Amino acid sequence: MTDYLEQAQQQALYREVTTLEPVDAVHVRSDSRVYLNLASNNYLGLTHCPIVQQAASHAALTYGTGSGGARLITGNHAYYTKLEHELAAFKQTEGTVVFSTGYMANIGAISGLATQADVIFSDELNHASLIDGCRLAKARIVVYRHCDISHLAELMNTTPCQGNRMIITDGVFSMDGDIAPLPDLVKLAEQYKAILIVDDAHATGVIGPGGRGTTAHFGLEGKVQVQLGTLSKALGSEGGFVAGSRILIDYLINRARSFIFTTALSPATVAASCAALTRLKAQPALVATLQANALFTRQCLTKAGFAISQGITPIIPIPVGSAKLALAMAAELKSQGLLLSAIRPPTVQPGTSRLRLAVSAAHDQAELADAVCKITAVAQRFDIL
Ligand SMILES: *Cc1c(COP(=O)(O)O)cnc(C)c1O
């Protein structure tokens, strides 16, 4: 352990947690200084929406702080029924099932669905929770180059399969902010009768009409068999979910070990998710504000000389290269009041470390423009611009 930690420190790969006190949806306090938070997945600022906060506190005061058991035993309070019903309407699927985190939804769904005879085709930049789900499943795993449809087609054509084929992808990729080529993936899945699994952790509340996600963004409702999502990012609460056919949901309730063998979420958490979803449905303009802020930030960065792709997703990577440089730049920006994450291996490949900006609907554009000025000056000083 000591060797590992020393080595991690030498390579600028050491990780530690710091304690931050949220001030509002996009500012945090640390050591009595306030920072602009550009590292959070709180895309719509719903963590600090008074209606959502009141729903959580009312639920805790009325029903207690903990659920006291797994959902299949005594933990399934009424907020769950309401949330799953409303999520299904939102995702336009027959059903949904809520897990305790997005991570647990993903590992439970994949390992519950895939058997030894199956083959899983997985995008090389998929989120760790999808990778871990694949590893837990006994199926063969075939990794295709990032968003490379012809590579995937070639692999599907040449890989023998006795059971089911599955294609797994992030909807919006968590470290690059690009959107999976879903229309092509759907075509390929139909051609090979493969099951398509899309993780919309960074797409729910972010893209598509009303924030309904990647499937809705491309108008492919009914074409994606398994949609995964989280309640912990744009929806400002905690938990994860699977959306799909009734039979898929019933099957996972019976088969997903990360659903069965864990304590249910607290009433406060689930009530907060319900309220956040209601808020989003009543105020779809929140999604437009988020997308406008994302577009604005990308344009500011492009004007400043960064090679940034345009787009509406709020995840904006600024390529840096080495982990040491990314860490040093993040530290310098922190000293100027900006909190953004230095993304390093093993989250990304060695040599592709980056600063990652996460934009929120709760940011104002003056703050974002000022942040880009600071990032530009630091990038020039560190010779990456
Ligand atoms: C954050 C994330 C998850 C995990 O969701 P949690 O609710 O935080 O456990 C899953 N998939 C992707 C792509 C993510 O970015």
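The values are calculated or read from the model by the stated rules, or taken from the named source; none is laboratory data. Everything quoted here is computed from the prediction, not taken from an experiment. Cβ coordinates were reconstructed from backbone atoms using ideal geometry, including for glycine residues, and neighbour counts include every protein chain displayed.
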- prompt: When the stretch 120-135 is examined, which residues are found to be near the ligand (Cβ under 10 Å from one of its atoms) and among the polar types (S, T, N, Q)?
  reply: Asn126, Ser129
message: Given the criteria crowded, with 20+ Cβ neighbours inside 10 Å, in a helix (DSSP H, G or I) and within 13 Å of the ligand (Cβ to nearest atom), does Ser237 qualify?
response: no
- prompt: Which of the residues spanning the stretch 294-351 are closer than 27 Å to Asp200 by Cα, in a loop (DSSP other than H, G, I, E, B) and hydrophobic (A, V, I, L, M, F, W, C)?
  reply: Ala307, Ile308, Ile312, Leu340, Val348
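Among the residues in the stretch 39-59, are any assigned to a helix (DSSP H, G or I), of a type in the set (Val, Ile, Thr), over 24 Å from Ala342 (Cβ atoms) and touching a Gly at 6+ places or on another chain (Cβ under 9 Å)?
Pass one, the stretch 39-59, residues assigned to a helix (DSSP H, G or I): 46-48, 50-59.
This time we only want the ones that are of a type in the set (Val, Ile, Thr), so: 47, 51-52.
Imposing the further condition that a residue be over 24 Å from Ala342 (Cβ atoms) reduces the set to 51-52.
If we keep only those that are touching a Gly at 6+ places or on another chain (Cβ under 9 Å) as well, we get 52.
Yes, there is a match, as at least one residue in the stretch 39-59 is assigned to a helix (DSSP H, G or I), of a type in the set (Val, Ile, Thr), over 24 Å from Ala342 (Cβ atoms) and touching a Gly at 6+ places or on another chain (Cβ under 9 Å).
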- prompt: Taking the stretch 240-258, which residues are assigned to a strand (DSSP E or B) and either away from the ligand (no atom under 16 Å from the Cβ) or charged (D, E, K, R) (or both)?
  reply: Gly244
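If you take the residues of the stretch 85-98 that are crowded, with 19+ Cβ neighbours inside 10 Å and farther than 20 Å from Val206 by Cβ, which of them is farthest from the ligand (Cβ to nearest atom)? Write out each step before concluding.
Start the filter on the stretch 85-98 by keeping residues that are crowded, with 19+ Cβ neighbours inside 10 Å, which leaves 87-88, 90-91, 93, 95-98.
Filter once more, so that each one left must be farther than 20 Å from Val206 by Cβ: 95, 97.
Working: Gly95: 19, Val97: 14 Å.
Only one residue tops the list, namely Gly95.
Please specify each residue of the stretch 181-199 satisfying the condition of being within 11 Å of the ligand (Cβ to nearest atom) and part of a loop (DSSP other than H, G, I, E, B). Spell out how you get there, then give the answer.
Going through the stretch 181-199, the residues within 11 Å of the ligand (Cβ to nearest atom) turn out to be 198-199.
Once the filter is applied, which keeps residues that are within 11 Å of the ligand (Cβ to nearest atom) and part of a loop (DSSP other than H, G, I, E, B), the stretch 181-199 yields nothing.
Could you please let me know if Asp3 is out of contact with any strand residue (DSSP E or B) (no Cβ under 8 Å at 6 or more places or on another chain), part of a loop (DSSP other than H, G, I, E, B) and either modelled with pLDDT of 95 or more or buried (at least 19 other Cβ atoms within 10 Å of the Cβ) (or both)?
Numbers: out of contact with any strand residue (DSSP E or B) (no Cβ under 8 Å at 6 or more places or on another chain): yes; part of a loop (DSSP other than H, G, I, E, B): no; either modelled with pLDDT of 95 or more or buried (at least 19 other Cβ atoms within 10 Å of the Cβ) (or both): yes.
It is false that Asp3 is out of contact with any strand residue (DSSP E or B) (no Cβ under 8 Å at 6 or more places or on another chain), part of a loop (DSSP other than H, G, I, E, B) and either modelled with pLDDT of 95 or more or buried (at least 19 other Cβ atoms within 10 Å of the Cβ) (or both).
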query: Since Val97 meets every condition but one in (1) more than 28 Å from Pro267 (Cα to Cα); (2) of a type in the set (A, V, I, L, M, F, W, C); (3) not in a helix (DSSP H, G or I), which condition does it not meet?
result: (1)
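Suppose the filter is surrounded by 24 or more Cβ atoms within 10 Å (Cβ to Cβ), of a type in the set (S, T, N, Q) and away from the ligand (no atom under 12 Å from the Cβ); does Thr215 pass it?
Numbers: surrounded by 24 or more Cβ atoms within 10 Å (Cβ to Cβ): yes; of a type in the set (S, T, N, Q): yes; away from the ligand (no atom under 12 Å from the Cβ): yes.
Against the criterion (surrounded by 24 or more Cβ atoms within 10 Å (Cβ to Cβ), of a type in the set (S, T, N, Q) and away from the ligand (no atom under 12 Å from the Cβ)), Thr215 qualifies.
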field: Unmet requirement for Arg29, which otherwise passes all of (1) assigned to a strand (DSSP E or B); (2) assigned by TED's automatic domain parsing to the domain that holds Gly205; (3) surrounded by fewer than 21 Cβ atoms within 10 Å (Cβ to Cβ)
entry: (2)
Enumeration of residues in the stretch 356-382 that are outside any loop (DSSP other than H, G, I, E, B) and either of a type in the set (Lys, Arg) or touching a helix residue (DSSP H, G or I) at 6+ places or on another chain (Cβ under 6 Å) (or both): Arg356, Gln365, Leu368, Ala369, Val372, Lys374, Val378, Arg381
- request: Note down all Cβ pairs under 8 Å where the first residue falls in the stretch 103-120 and is at positive phi and free of Cβ contacts under 8 Å to residues at least 60 places away in the same chain, the second is within 16 Å of the ligand (Cβ to nearest atom) and part of a helix (DSSP H, G or I), and they're at least six residues apart or on different chains.
  value: none
- line: Reported set for the stretch 134-176 where residues are surrounded by 20 or more Cβ atoms within 10 Å (Cβ to Cβ) and not in a loop (DSSP other than H, G, I, E, B) is Cys134, Tyr144, Leu152, Met156, Arg165, Met166, Ile167, Ile168, Thr169, Asp170, Val172
message: Quick test for you: out of Ala117, Ala59, Ala39, pick the one residue that is within 14 Å of the ligand (Cβ to nearest atom) and either outside the structural domain of Ala361 (by TED's automatic domain parsing) or within 21 Å of the chain's Cα centre (by Cα) (or both).
response: Ala39
